[in-house]
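Worksheet: the structure to be examined is printed underneath.
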Amino acid sequence: MKQILLFFITTQTLFGLISIAPVKIGDKPGLHGKVSTSLQTRRGSTDKENYKLALRVAYDNNASYVTWSELSAEYGESNNVEDTNRLYIHVRHIYALTQEVLRGEILAQLQRDKFKLIRERAITGVGLRFKIFELYENSNGYLGIGGFYEHINYTSDDPTESHVRINSYLTYTTPLNENSSLSYTLYYQPIIDRFSDYIESHKFQLKVHVFKSLALSFKLSYDVDSRPPEGINKYDFYQETSFVFEF
């Protein structure tokens with residue numbers, strides 16, 4: 001295990017990361033959260049700086065609802081030229097409709113990404129979440145279906161867009177042992193009357209607790225936007241490795 005941790009620490013860029021594992025009612029009663037920060041600095045043949053902060057705060061009443069919010073901000077420069085500028089804010093309220101299986105969801109989200117030409121992307125939506133199969137003890141799987149209203153304002157010459165999208169997702173997390181877990185989340189979000197215009201996202205996460213409230217997290221993500229702004233690639237792949245502190 002020490003060799004694995006050393007490999008991650010020395011060979012990967014330590015970007016901040018919040019867990020993608022599904023949030024469930026009664027998992028951690030009361031007020032709690034997770035925070036991760038990072039700084040990357042290089043000097044010499046390449047000058048590089050990258051800063052990131054990620055924070056999640058949740059309140060779980062241990063009976064009928066859990067409310068959580070997430071903030072992620074990232075800024076970077078290469079050779080004194082800005083190359084990263086992102087902001088992500090998400091708020092979600094999950095409430096029980098039945099004792100175990102069915103949950104309702106209300107969500108709101110705000111995104112900015114200068115280098116994807118997104119000045120502002122605002123979302124409000126509702127949905128249902130169903131508890132599904134458990135392959136192993138203490139694993140959790142959910143299937144979600146709902147919809148959201150999306151408003152996008154671009155920094156390019158592309159016009160402002162407003163749509164209603166279907167929001168469907170599958171999320172699953174399972175323990176590998178008492179100190180580690182593996183999670184996967186799939187999102188598929190087509191425009192309700194134009195299924196050829198869709199957003200698709202695959203996220204994998206391996207989380208290893210290293211000491212008390214400190215965990216190491218390794219994440220792979222593959223995202224598809226079938227109709228991005230002109231000049232922006234349809235596909236994005238990235239990996240992140242980080243330390244996460246839970247409180």
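Going by the structure shown, is GLU178 under 26 Å from THR98 (Cβ atoms) and free of Cβ contacts under 8 Å to residues at least 12 places away in the same chain? When the stated conditions are applied, GLU178 does not pass them. When each of SER162, SER183 is tested for being over 29 Å from THR98 (Cβ atoms) and either in contact with a strand residue (DSSP E or B) (Cβ under 6 Å, 6 or more places away or on another chain) or aromatic (Phe, Trp, Tyr) (or both), the lone residue that passes is SER162. Number of residues in the range 73-131 that are surrounded by fewer than 16 Cβ atoms within 10 Å (Cβ to Cβ) and more than 17 Å from the chain's Cα centre (by Cα) equals 22. The residues of the range 49-86 that are more than 11 Å from SER38 (Cα to Cα) and polar (S, T, N, Q), listed by number, are ASN61, ASN62, SER64, THR67, SER69, SER72, SER78, ASN79, ASN80, THR84, ASN85. Being under 21 Å from ALA122 (Cβ atoms), modelled with pLDDT of 90 or more and either out of contact with any helix residue (DSSP H, G or I) (no Cβ under 7 Å at 6 or more places or on another chain) or not in a strand (DSSP E or B) (or both) holds for only one residue in ALA73, ALA58, ALA54, and it is ALA73.
Considering only residues that are buried (at least 16 other Cβ atoms within 10 Å of the Cβ), in contact with a helix residue (DSSP H, G or I) (Cβ under 9 Å, 6 or more places away or on another chain) and not aliphatic (A, V, I, L, M), look in the range 201-241 and name the one that is farthest from THR173 (Cα to Cα). By that ranking, first place goes to PRO229. There is no residue in the range 37-46 that is in a strand (DSSP E or B), hydroxyl-bearing (Ser, Thr, Tyr), modelled with pLDDT of 80 or more and surrounded by 14 or more Cβ atoms within 10 Å (Cβ to Cβ). When residues of the range 24-41 are filtered for being closer than 19 Å to THR98 by Cα and of a type in the set (Gly, Ala, Ser), how many remain? Count: 1. Of all the numbered requirements in (1) under 18 Å from PRO22 (Cα atoms); (2) in contact with a Lys or Arg (Cβ under 9 Å, 6 or more places away or on another chain); (3) not β-branched (Val, Ile, Thr), ARG227 misses one, and that requirement is (1).
Would you call ALA63 of a type in the set (A, V, I, L, M, F, W, C) and either assigned to a loop (DSSP other than H, G, I, E, B) or loosely packed, with under 15 Cβ neighbours inside 10 Å (or both)?
yes
Quick one: would you say SER196 is free of Cβ contacts under 8 Å to residues at least 60 places away in the same chain, more than 24 Å from ALA108 (Cβ to Cβ) and in a strand (DSSP E or B)? So SER196 fits the description; yes. I want to confirm something. Restricting to the range 92-106 and keeping residues that are among the charged types (D, E, K, R) and in a strand (DSSP E or B), which single residue is farthest from GLY146 (Cα to Cα)? Looking at residues that are among the charged types (D, E, K, R) and in a strand (DSSP E or B), I get ARG92.
The values are calculated or read from the model by the stated rules, or taken from the named source; none is laboratory data. Just so we're clear, the structure is a prediction, and the values are computed from it rather than from any experiment. Cβ atoms come from the backbone with ideal geometry, glycine included; neighbour counts cover every protein chain shown.
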